[in-house]
Structure formats: C-alpha cells, structure tokens
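Take a look at the structure below.
The values are calculated or read from the model by the stated rules, or taken from the named source; none is laboratory data. Note that the structure is a prediction, hence the values are computed from the model and not measured. FYI the Cβ positions are ideal-geometry reconstructions off the backbone, even for glycines, and counts take in every protein chain you see.
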Amino acid sequence: MGATGWGLVELVARLLSPNEREAVLGDLAEANQNVLRSLFDVLGLYFRRQGVLWRDWRPWLAGFGVALPSCYLLMGVSASVTSTYVRLFDPKDYIPCWPTGREGFILFLCHIFLLIAWSWTAGFVVAWWSRGAVWVSAVLCLFPFCVAHFPIESLPRACLYLFLPLAILGARHGLRTMRVDAAFASALAVAVTALMILAWKCGALWTLNWALIWPVWYLFAAARRRVPVAQTI
Amino acid sequence: MLGEFEYLLITAAAALGDDAYGAAIREEIQSATGHRCSIGALYTTIDRLETKGLVKTWMGEATPERGGRSKRMVRVTPKGVHAAKEFYSAITRISQGVSWVAH
C-alpha cells in the first residue's frame with residue numbers, strides 16, 4: 001500500500017476510537033491489504049459500531065428529544081435576547097418585530113443566564129448520552145436553521161445562532177466528563193428553575209420554553225444517582 | 001448458545017493461545033473457512049463476547065510489522081470454553097447420522 005493510500009486509510013480510521021484505531025491499523029499493516037479493501041474494512045467496522053449504538057434508545061432521545069427541539073427553542077430565545085438588547089441599549093434602531101415583552105434590565109440579565117444554562121445543558125446532555133452518535137444530533141440541529149421562520153427582519157440573522165457556541169461548549173464538556181458533580185448540578189437546577197419562575201411570573205417566558213428545563217433536572221438526577229458515563233452510550 | 005461466527009472466533013483464539021490477537025484470529029478463521037473475515041465482523045464479535053464474559057481482551061505490545069502499533073490481545077475465559085464445548089456438543093449430536101459426516 002502506497003504512502004498516499006495508507007494516509008487515506010489512517011484518515012478514515014479517525015472515525016474509530018483511539019484503541020480500536022491502533023489495533024485495526026496495526027492489523028491492516030500486518031495483513032498488507034490494498035487500499036480499497038482496507039477502506040471498506042475500516043468503514044465497515046465504523047458503520048457496524050453505529051448500528052450497535054442506534055439500537056439503544058439514548059441516541060434517539062438525545063437527537064429527537066433534546067437536540068432538535070432545544071435547537072428550535074433556543075433560536076427563539078437567542079432572537080428574544082438580541083431584540084431586548086437592541087431595545088434597551090440601542091432604542092433608535094429598535095423596530096418591534098419580536099414578541100419579546102417588556103423586560104427591563106434585570107429580566108434581560110435573567111434571560112442571558114437562562115440562555116447560557118439552557119444551551120450548555122442541552123449540549124452537555126446530548127453529548128453525554130450519545131457520545132458515539134453525537135454527530136447525528138449535530139446534523140439534526142441543521143433542520144431548524146433551514147426550515148424555521150422567525151420574524152426578525154430588523155435583526156441580523158446571525159443572532160439566531162447566539163446559543164450555538166454555548167451548546168458546543170456544553171457538548172465538549174459532555175464528551176469529556178465521566179461523572180456530573182452533584183453540588184454543581186443541584187445549584188444549576190435550583191437557579192434555572194427559580195429564574196424561570198421569576199420570568200414566567202413577569203410574563204417574560206414562553207410556555208414552550210419550559211421544555212428546556214428537563215435536561216437541567218436530568219443532570220441533577222444523574223448526579224444524585226451517580227450515573228457514570230459507562231451507563232451512557 | 002453461541003452463534004457460529006462466535007464459535008469460530010473463540011476456537012481460533014483458544015487454538016492460538018498466548019498469540020491470540022485480532023490479525024492472527026482473523027487469519028486463522030480465513031484459513032479454516034476459506035472465506036474472508038471482515039475486520040468489522042471480527043471486532044464487533046470480540047466486543048460482544050467480552051460483554052458476555054466469554055473472552056477477555058487487552059492492548060498488547062506494538063511490533064515493527066504492525067507499524068509500531070499495539071495489538072488487541074484476546075484470551076478465552078473458562079466461561080467461554082464452556083460455551084464453546086456446549087456448541088461443539090450440540091453440533092456433534094445433531095450431525096450424527098447425516099450423509100456428509102463420515103462414519
């Protein structure tokens with residue numbers, strides 16, 4: 001196998017976990033197979049692994065139960081936060097286009113905290129639950145961007161993506177974390193719930209946004225039960 | 001009971017003894033069956049057997065033939081030996097008297 005061919009096989013083998021990649025590439029080097037057969041072998045192993053993952057319910061719930069709906073709701077929250085920011089700090093450019101309510105500065109800060117907490121938690125839970133299949137959840141998140149229509153003509157379209165860096169950060173932490181710290185999860189759950197109740201009482205929380213609370217309480221329950229990542233996929 | 005490929009893998013690993021690792025097991029199966037053994041089938045079956053407690057695996061030493069990469073060593077557990085014996089006994093019992101078995 002030439003250097004270019006072997007380089008391609010090594011590149012594709014990055015789909016596998018580190019130990020498995022080590023063993024498989026070693027086996028292929030020993031067998032001295034041609035490039036095409038080696039590529040088929042590596043891809044075959046990868047897709048068999050994916051098949052095993054998707055027989056479990058967790059990647060399905062992570063993708064369709066958390067990633068997809070959270071993405072849609074968080075796009076709305078991002079637009080709402082941006083609209084409130086423009087109204088409070090740049091009123092001459094503000095054109096009411098988003099039903100953001102009449103939040104003052106305190107509720108604005110509350111919304112920022114909630115956006116951060118919701119985004120990070122959703123990313124964390126999706127990655128923690130479906131490590132091997134997190135890329136599917138990421139692809140599912142593209143659908144709201146493509147099909148959802150938000151009336152934000154006077155706002156930059158990029159404002160819809162405000163939650164994305166936070167969700168990606170949460171996902172990175174979810175991929176690297178073995179156990180959730182109970183004190184942190186408890187404090188987060190209490191803080192998020194308290195702020196959501198405050199926002200709700202002030203008429204500054206959409207009903208559907210209550211759906212964003214469940215990953216927060218899942219983390220709390222997982223931390224209390226000391227669920228290790230081995231019980232996730 | 002074991003599946004046929006699981007039996008082939010356990011038997012190959014048992015025959016290889018301390019030299020049982022991915023590539024060697026694969027070669028052994030290919031020699032015995034005359035058919036190609038895909039790496040995907042091999043490693044997913046090894047994982048399945050390990051989950052059932054029929055084999056134990058660990059990362060072994062790297063060798064120059066393998067481009068300096070480690071091997072995944074395989075050892076059959078006593079439970080795996082028992083499962084293989086069961087499969088072999090069942091095959092032997094059911095094959096008695098059939099035309100393709102030499103008497």
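The set of residues in region B:24-50 that are in a helix (DSSP H, G or I), farther than 18 Å from A:Arg49 by Cβ and not β-branched (Val, Ile, Thr) comprises B:Ala24, B:Glu27, B:Glu28, B:Gln30, B:Ser31, B:Ala32. Select, from A:Gly76, A:Gly26, the only residue that is of a type outside the set (Lys, Arg) and either touching a Pro at 6+ places or on another chain (Cβ under 6 Å) or facing another protein chain (nearest Cβ under 7 Å) (or both). Every option except A:Gly26 fails the conditions. Remark: B:Ala15 matches the filter, which requires a residue to be in contact with an Asp or Glu (Cβ under 9 Å, 6 or more places away or on another chain), more than 14 Å from every other protein chain (Cβ to nearest Cβ), closer than 25 Å to A:Gln33 by Cβ and surrounded by fewer than 16 Cβ atoms within 10 Å (Cβ to Cβ). For region B:51-103, how many residues meet the condition of being outside any strand (DSSP E or B), within 14 Å of chain A (Cβ to nearest Cβ) and buried (at least 16 other Cβ atoms within 10 Å of the Cβ)? The qualifying residues number 1. Take the residues of region A:2-23 that are facing another protein chain (nearest Cβ under 10 Å) and of a type in the set (A, V, I, L, M): which is nearest to B:Arg36 (Cα to Cα)? Among residues in region A:2-23 that are facing another protein chain (nearest Cβ under 10 Å) and of a type in the set (A, V, I, L, M), the one nearest to B:Arg36 (Cα to Cα) is A:Ala23. Looking at region A:45-58, which of its residues are surrounded by fewer than 16 Cβ atoms within 10 Å (Cβ to Cβ) and at the interface with another protein chain (Cβ under 8 Å from one of its Cβ atoms)? Scanning region A:45-58 gives A:Phe47, A:Val52. When region A:130-177 is filtered for residues that are touching a Leu at 6+ places or on another chain (Cβ under 8 Å), part of a helix (DSSP H, G or I) and modelled with pLDDT of 80 or more, the ones remaining, listed by number, are A:Leu166, A:Ala167.
Among residues of region B:87-103 that are touching a residue at least 24 places away in the same chain (Cβ under 8 Å), those with a Cβ under 9 angstrom from a residue that is in a loop (DSSP other than H, G, I, E, B), sequence gap 6+ or separate chain, pair up as B:Phe87/B:Met1; B:Phe87/B:Leu2; B:Phe87/B:Gly3; B:Ala90/B:Met1.
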